[in-house]
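*Asks:* Below are the structure tokens for one structure; questions will follow.
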Amino acid sequence: MPFYLECCCQSADDARKAEAAGASRIELCESLPLDGLTPSEANICATLGAVRIPVNVLIRCRAGNFIYTDDEVEAMVRSIERVRQLSTNTPDGCEHRVNAVVIGALTSEGDVDCVAMTRFLAATAGLPVTFHRAFDVCRDPLQAYDDLTQLGISRILTSGHAPSAMEGRELLAQLVCRSEDTRGPAVLVGGGVRPHNIGELIRSTAAAEFHSACLDWSGS
């Protein structure tokens, strides 16, 4: 079974280094210390032009919780529509477009905000969607998984409803089984995934997709 490593990057230079080091996919965002915000259109286009591997783009209008007002939902809908249309050419002349968007929204009760997510999905016009780690602060992760399955989400980035993937291994394994049994969203394991623990995460969760950040040894 092939394994995929998605690398969270903040710039074209980050993405170029991640691709050279063997990353399978990029998640592009800005303001990583704030857990990521929507990158600028210039940053997206530069990154698309810098790499050949798929580039997923985070859509998040502000830091803080994942409970959004109607105005905030509308702003993110407009961002999705713009991002969907972006493309650029790689050095060899091939057109490269955004592969997917990464987004999430919760209700004040801690459930998936299906109304907001339906609006986001309509704006993608068929572009795949990853539900981000808002999943890890939802009220009931198994119900949230089922709700996202019904919505047609492609994958879920999660640490297993725990501070880190190592701590969430048991639930991650359940979600991987649920994905295989129901053909639901793929499970993208994130949250402290590092070279020293990815082997254990593969063994204990049976996951095939992993997410980590583009960091240098100083942590920047």
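*Asks:* Using the crude model of +1 on Lys and Arg Cβ and -1 on Asp and Glu Cβ, and no other charge, please compute the dipole size for the chain relative to its Cα centre, in debye to 20. List each step's numbers first, then the result.
*Replies:* On the way: 19 positive and 29 negative charges, 96 e Å.
Value, rounded to 20: 460 debye.
*Asks:* Obtain the nm distance between the two label points defined at Ala206 and Ala42 by a simple spin-label model: each point lies 7 Å from its Cα along the Cα-to-C-beta direction.
*Replies:* Label-label distance for Ala206 and Ala42, simple model: 4.8 nm.
*Asks:* Using amide H atoms built in the peptide plane, which far-off residues or other-chain residues are under 5 Å from Leu188 H to H?
*Replies:* Ile156, Leu157, Thr158
*Asks:* Taking only Cα atoms and a 10 Å spring cutoff, compute GNM fluctuations for the chain and point out the largest among Gly160, Gly191, Gly22.
*Replies:* Answer for the Gaussian network model of the chain: Gly22.
*Asks:* Residues with beta-carbon under 14 Å from that of Met166, excluding Met166: net charge, scoring Lys, Arg +1 and Asp, Glu -1? Before the final figure, lay out the partial values.
*Replies:* Details: positive: Arg169, Arg194, Arg203; negative: Asp136, Glu167, Glu170, Glu200.
Result for the local shell: -1.
*Asks:* If you don't mind, there's one more thing I want to ask. Net charge around Asn197, counting only other residues with Cβ within less than 14 Å of its Cβ (Lys, Arg = +1; Asp, Glu = -1)? Let's see the in-between values first.
*Replies:* Working: positive: Arg169, Arg194, Arg203; negative: Glu167, Glu200.
Its environment carries a net charge of +1.
*Asks:* Find me the longest stretch of the chain that has none of the exposed chymotrypsin sites (Phe, Trp or Tyr not before Pro), where exposed means in a DSSP loop (not H, G, I, E or B) with at most 15 other Cβ atoms within 10 Å.
*Replies:* Working: sites that count: Phe3, Trp217.
Maximal segment without exposed cleavage sites: 4-216.
*Asks:* Please report, to one decimal in angstroms, the Kirkwood hydrodynamic radius of segment 4-213 built from all distinct Cα-Cα pairs. Please list the in-between numbers first.
*Replies:* Working: mean 1/r = 0.0584 Å⁻¹.
Result for segment 4-213 stands at 17.1 Å.
*Asks:* I've got another one for you. Quick one: Cα centre-to-centre distance for segment 149-220 and segment 37-99, in angstrom?
*Replies:* 23 Å
*Asks:* Could you calculate the FRET efficiency of Leu151 with Asn89 from 1/(1 + (r/R0)^6), where r is the beta carbon distance between them and R0 is 35 Å, rounded to 0.05?
*Replies:* Working: r = 33 Å, r/R0 = 0.95.
About 0.55, to the nearest 0.05.
*Asks:* Using the Karplus curve 6.51 cos²θ - 1.76 cosθ + 1.60 with θ = phi - 60°, work out ³J(HN,Hα) for each residue of segment 111-122 in order, rounded to whole Hz, and write x for Gly and Pro.
*Replies:* 9, 4, 7, 5, 5, 5, 5, 5, 5, 4, 4, 4
*Asks:* State, as an integer percentage, the relative contact order of segment 4-213 based on alpha-carbon contacts under 8 Å between residues 6 or more apart. Intermediate values should be presented prior to the final figure.
*Replies:* Details: 433 pairs, mean separation 33.8, N = 210.
So the answer I get is 16 percent.
*Asks:* To make sure I understand, if each residue's beta carbon is the centre and we count other beta carbons within 10 Å, what order do Val193, Val55 fall in, fewest to most?
*Replies:* Working: Val193 21, Val55 24.
By the 10 Å Cβ count, ascending, the order reads Val193, Val55.
Every read-out reported here was derived from the displayed coordinates using simple, explicitly stated rules and does not represent laboratory data. If you're wondering where the values come from, they're calculated on a predicted model, not measured in any experiment. So basically every Cβ, Gly included, is an ideal-geometry build from the backbone, and we count neighbours across all protein chains shown.
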